[in-house]
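Below is one structure, written out as structure tokens; the observations come after it.
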Amino acid sequence: MTDRRMIPIRMPADLLDEIDKHVGPRGRSQFIIEASRRELLRQKQAEAVGEAAGAWKDQDYPEVATADTVEGLNTYLRKIRREAERHEEAGRDDAGRGGHRKGGAP
């Protein structure tokens, strides 16, 4: 188990009420932990995108080059994120089976 610390935080009552409606008072901590992890990941990704600006060449990524609108680019990004999520889920499924894939060696 990872090291855990208890911290007092102040949260708007309406936000806490809404969280409780979705996950209940006993699910609060886990919900806040998961939301915090997602937001940290989002911020790190945004930082990485900023640092990598200009690194992609149109000829290497035609899907991005032909995305003539922000929505076109967002559609492409959602597609690759879904693929990454499916890959991640498949990895968790494999781990649940002891790392063995059907019909194959570990």
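The values are calculated or read from the model by the stated rules, or taken from the named source; none is laboratory data. These numbers were taken from a predicted model, which means no experiment stands behind them. Cβ: placed from backbone, ideal geometry, glycine included. Neighbour counts: every protein chain shown.
Here are some notes:
- Test result for Glu34, at pLDDT 85 or above and charged (D, E, K, R): yes
- Among (1) closer than 30 Å to Leu73 by Cα; (2) surrounded by fewer than 11 Cβ atoms within 10 Å (Cβ to Cβ) - the single one His22 does not satisfy: (1)
- Residues within the stretch 37-79 that are of a type in the set (A, V, I, L, M, F, W, C), at pLDDT 75 or above and in a helix (DSSP H, G or I), tallied: 8
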